[in-house]
Amino acid sequence: MNYARFLTAASAARKPSALRVLNELVSRSPKSLISLATGSPNPKMFPFKTSVITVENGKPIHFDEESMHRALQYSQSAGIPELLSWLKELQIKIHNPPTVNYPSNKGQMDICITSGSQDGLCKMFEMMINPGDNVLYNEPIYSGTLHALQPLGCNFINVASDNDGIIPESLKEVLSRWKPEDARNPAKNTPKFLYTVPNGNNPTGDSFTSNRKKEIYELAQKYDFLIVEDDPYYFLQFNKPWVPTFLSMDVDGRVIRADTFSKILSSGLRIGFLTGPKPLIERIVLHTQVSSVHSSTFAQMLVSELLYQWGEKGFMDHVERVTEFYRSQKDAMLAAADKWLSGLAEWNEPTAGMFLWVKIKGISDATKLIEEKAYKKDVLMVPGSVFYNDCKAPSPYFRASFSLASPEQLDVACQRLAELIKENI
């Protein structure tokens, strides 16, 4: 893999921060070292001295004064070592990436912590996209991704998809405008990467099949583009066995995977992580050094303490409890939709995640109905138009989240929506 061609000039020009290097050197040095180098604040002045966090299905996590000094201090930009080590073992256990043992100059797998997966994705996009670059994706797409990509001036190339994800034949048709060897010629402007959410796509709830992933990865090899695997709902899959990931198929080192603890531990902790080829992860870490500096040390230590306490089995047991909760929420959402919206709208059962993607029958654009009229009936949802690059184009769809509302509230919401649809068609 020639990673240099995927980098913007700004990303290629990034150099290690001298002060960050010194901070990380201090963190690895013996206590006998007397540091007069860094501008770290004196922890004696921190007003927070100790903390105890109670844990469901676990022992309380105690931070004594020494632990609090570390938790409230600067730390490594890539992430604290113990959390990185635990996550690397998790990725190996779950995905077994073929690149994990590659020599470092051939794209060895690496990991870095980000302030939620969105932080990592934004830095990844800025690492790769120059104005005019071609980016492959499938609509509808998470609106946050659109908002991150649009200011960068890339060309969006939509690839058709269905309930099983991107359709390989459609991707082949899109790619047929280039020859495989064109990737070596910058003037040909071949796509740099394919972005996709392979499980529980937000907003549709659809997931890729294994065979489609294999076909898409082979096309990525043939036309030499990267795959950005944004997988926040990986652990919220309702069907087993789980489909193998793009990372598990990555023999070349062309997959960058974004994971997050937001959906399974806490969204407010803002802890996500990127897994991918070392040369690319290093560029993202250099960006972190001069932007957010590092993700919250306290949040990283809290998550790390919990994961080591639970172990892999305890973590997966927790994932199973979380998935069971959202499965019951999904079933309640479907029951309410069947009861009140049958004949008025249509939808598919989501395979993962937190959302139901609904198409209202008999209208071409649901935007005003959802944004204004539904709100006046005390129901808040998201119009489908925001999940398309052309957000002003009419869309009969809306996205309903079943993550927070109780089953009783879901039933009432669908009843109110049914009344509203009947009034407007």
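The values are calculated or read from the model by the stated rules, or taken from the named source; none is laboratory data. These figures come from a predicted structure and were not determined experimentally. Counting neighbours? That spans all protein chains shown, and the Cβs are built from the backbone with ideal geometry, glycine included. Ligands, DNA and RNA are stripped out before the accessible areas are found, and what is left, the full protein with its side chains, is counted by its heavy atoms. Shrake-Rupley method; radii C 1.70, N 1.55, O 1.52, S 1.80 Å.
Some points to look at:
- Check on Met124, more than 23 Å from Ser27 (Cα to Cα) and in contact with a Pro (Cβ under 6 Å, 6 or more places away or on another chain): no
- Ser304 vs. criteria farther than 30 Å from Leu356 by Cα, touching a strand residue (DSSP E or B) at 6+ places or on another chain (Cβ under 6 Å) and touching a residue at least 60 places away in the same chain (Cβ under 8 Å): no
- Odd one out for Lys172, checked against (1) assigned to a helix (DSSP H, G or I); (2) buried (at least 22 other Cβ atoms within 10 Å of the Cβ): (2)
- From the list Gly165, Gly144, Gly116, the lone residue that is open to solvent by less than 10 Å² (accessible area, probe 1.4 Å) and either within 19 Å of Cys391 (Cβ to Cβ) or within 15 Å of the chain's Cα centre (by Cα) (or both) is Gly116.
- Matching entry among Leu149, Leu194 (being modelled with pLDDT of 95 or more, under 24 Å from Asn2 (Cβ atoms), out of contact with any Ser or Thr (no Cβ under 9 Å at 6 or more places or on another chain) and part of a strand (DSSP E or B)): Leu194
- A residue that is open to solvent by less than 50 Å² (accessible area, probe 1.4 Å) and not in a helix (DSSP H, G or I) can be found somewhere in the range 294-312.
- Qualifying residue in the range 336-354 (condition: more than 30 Å from Arg399 (Cβ to Cβ), touching a strand residue (DSSP E or B) at 6+ places or on another chain (Cβ under 6 Å) and either open to solvent by 20 Å² or more (accessible area, probe 1.4 Å) or not in a helix (DSSP H, G or I) (or both)): no
- Out of Ser385, Ser395, Ser364, one residue alone is hydroxyl-bearing (Ser, Thr, Tyr), open to solvent by less than 50 Å² (accessible area, probe 1.4 Å) and assigned to a loop (DSSP other than H, G, I, E, B). It is Ser395.
- For Ile61: the one exception among (1) at pLDDT below 95; (2) within 22 Å of Leu269 (Cβ to Cβ); (3) surrounded by 16 or more Cβ atoms within 10 Å (Cβ to Cβ): (1)
- Going through (1) farther than 17 Å from Ile141 by Cβ; (2) out of contact with any Lys or Arg (no Cβ under 6 Å at 6 or more places or on another chain); (3) assigned to a loop (DSSP other than H, G, I, E, B) one by one, Val379 falls short only on (2).
- In the range 137-146, the residues that are part of a loop (DSSP other than H, G, I, E, B) and not acidic (Asp, Glu): Asn138, Pro140, Ile141, Tyr142
- Enumeration of residues in the range 2-32 that are modelled with pLDDT of 85 or more and either in a loop (DSSP other than H, G, I, E, B) or open to solvent by 90 Å² or more (accessible area, probe 1.4 Å) (or both): Asn2, Leu7, Thr8, Ala13, Arg14, Lys15, Pro16, Ser17, Ser32
- Cβ pairs under 7 Å, 6+ apart, first in the range 152-174 and in contact (Cβ under 8 Å) with a residue 60 or more places away in the chain and within 10 Å of Leu136 (Cβ to Cβ), second in a strand (DSSP E or B) and aromatic (Phe, Trp, Tyr): Phe156/Tyr137; Asn158/Tyr137
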